[in-house]
Structure formats: structure tokens, C-alpha cells
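Have a look at the structure below before the remarks.
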Amino acid sequence: MRYILSILLIGVAIGVAVFGTFGLQGKLSRKPPMELFPDMDRQAKLRPMEPNRFFANGISSQLPPTGTVARSQPIETVSGAVYRFEDSPVNTGRVTGMTNFVETNPLAVNAALIQRGRERFDIYCAPCHGRLGDGNGITKKIGVMPAVANLHDKRIVEMADGEIFNTVTYGKGLMGAAGPLVPTEDRWAVIAYLRALQLSWLGTTNDLTAEQSAVLK
């Protein structure tokens, strides 16, 4: 009998504790809320640039110690250096403050960037799209992905560079997202190489300068 009574008392105590903690959720009260972990709301910290007597110069914000390795380096674009956390076309593929995609590659397109893009393309894109970009990669040949986009289709040729960047970054359909795998600069390098690859397929002699036409002849 005593054992049963003890069990009942424990049950009542647990019920009261649970009701006291959660039973009045959603009700208005003038009493301050119960805080199980108050240190998560009120922490011992200093705001930037506030006085701090701990350091000799009395300032809370200190310069990094000599030899500190930077968390990230800025990306050099045609408009200047941009950090990866900024709302910039080089990071988003979109016009800043808008949903429109940027038309052209924000990086300076040169031989080195195109060569880098070719290397990354052969690693990440060629297995599905093929090294020629015609959609005849190994995954299609063995039947893993029977339908793969031909990157020389008019729809993709006319697509803005920013939209291609968005697709590469987040994926589309069966295509996985390359954003977590391929650095930002390399994704733009792949796009630069893709444009060169498309031009090699779809370009005509009318695209050549007089000097280039003379060499070709």
C-alpha cells in the first residue's frame, strides 16, 4: 500500500511540474516567463567598439594576431574585389537587389580562366553532358541518365550566364547541386569554357576578324 501511495505522489508531482511548465502556453500573463537556460538570452559579452579594460588599449574589438590565416579571400571580378558573403552577382548570379539574372560572366574572361573551366568541366560536367557538351556522356551511354541536356541547344545558348550559374549551383531535375562541391570562381570558369565550347560548335567565319580570316585561309 505504501509503495502504491509513493507512486501516486510521484505521479502527481510530475503532473504538477509538467502543467506548471507547459500547461499555460499561449496564455497572457504579467509574470515574467520561466527561463530554463537564461544564459542563452543574457550572455556576458561586449558589443563591437565598446570599452574593455581587459586589453591594454581599452577597446573590445582587436586586430587579428600576426600570422592569422584569413577565413576567406575576396573574388576578383571585373568590378573589383567581392567577398563570398556579399550580395553580389558573382555570388548569386543575379543583379544586386533584383531577381533578374546577370547576362555576362562577372569574372575577367581570359585564357587562364577558360583553361581552368575546361579542367572543372571535364571533372564535374562531362560524365553526363559529355566532353563535347552534346549530352552524350558516360551516364547516358550506360543508361543511368537516358535524357541529358545538349548544351548546344538554342535554349541554353541564349540563356543568361547568371541563369546557368544558378542551375549549376542549385541543380535542376536529376542534376545535382554543384554549389557545395565547386568553388564560386570555378563555376564561373566552367561557364566561360562552356561559352567557348558553344562558339566552337556554332560560330561561323563571320565571327572572325579580318586578320583571323586571313590566317584561316
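Listed here are the residues, each with its yes/no results for (1) aliphatic (A, V, I, L, M); (2) surrounded by 10 or more Cβ atoms within 10 Å (Cβ to Cβ).
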residue	(1), (2)
ARG47	no, no
SER61	no, yes
THR66	no, no
VAL69	yes, no
VAL78	yes, yes
PHE85	no, no
ASN91	no, yes
ARG116	no, yes
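Among the residues of segment 119-148, what is the count of those that are closer than 18 Å to LEU199 by Cβ and in contact with a strand residue (DSSP E or B) (Cβ under 8 Å, 6 or more places away or on another chain)? Final tally of qualifying residues: 0. When ASP122, ASP134, ASP161 are screened for being of a type in the set (Asp, Glu) and in contact with a His (Cβ under 8 Å, 6 or more places away or on another chain), only ASP134 passes. Set side by side, the residues ALA196, ALA177, ALA210 differ, and just one is without any contact (Cβ under 8 Å) to a residue 40 or more places away in the chain, touching a helix residue (DSSP H, G or I) at 6+ places or on another chain (Cβ under 7 Å) and among the small types (Gly, Ala, Ser), which is ALA177.
Checked against (1) assigned to a helix (DSSP H, G or I); (2) over 23 Å from ASN91 (Cα atoms); (3) in contact with a Lys or Arg (Cβ under 6 Å, 6 or more places away or on another chain), ALA214 meets all criteria but (3).
Residues in segment 129-173 that are touching a Lys or Arg at 6+ places or on another chain (Cβ under 7 Å) and not β-branched (Val, Ile, Thr) were compared, and the one that is nearest to PRO183 (Cα to Cα) is PHE165. In this structure, THR167 does satisfy being closer than 22 Å to VAL95 by Cβ and free of Cβ contacts under 8 Å to residues at least 24 places away in the same chain. Taking the listed residues VAL144, VAL102, VAL109, the one that is surrounded by 11 or more Cβ atoms within 10 Å (Cβ to Cβ) and at pLDDT below 95 is VAL144, with no other qualifying.
The values are calculated or read from the model by the stated rules, or taken from the named source; none is laboratory data. None of the values given here were measured: they were computed from a predicted structure. Glycine also receives a Cβ, built like all others from the backbone with ideal geometry; neighbour counts cover every protein chain displayed.
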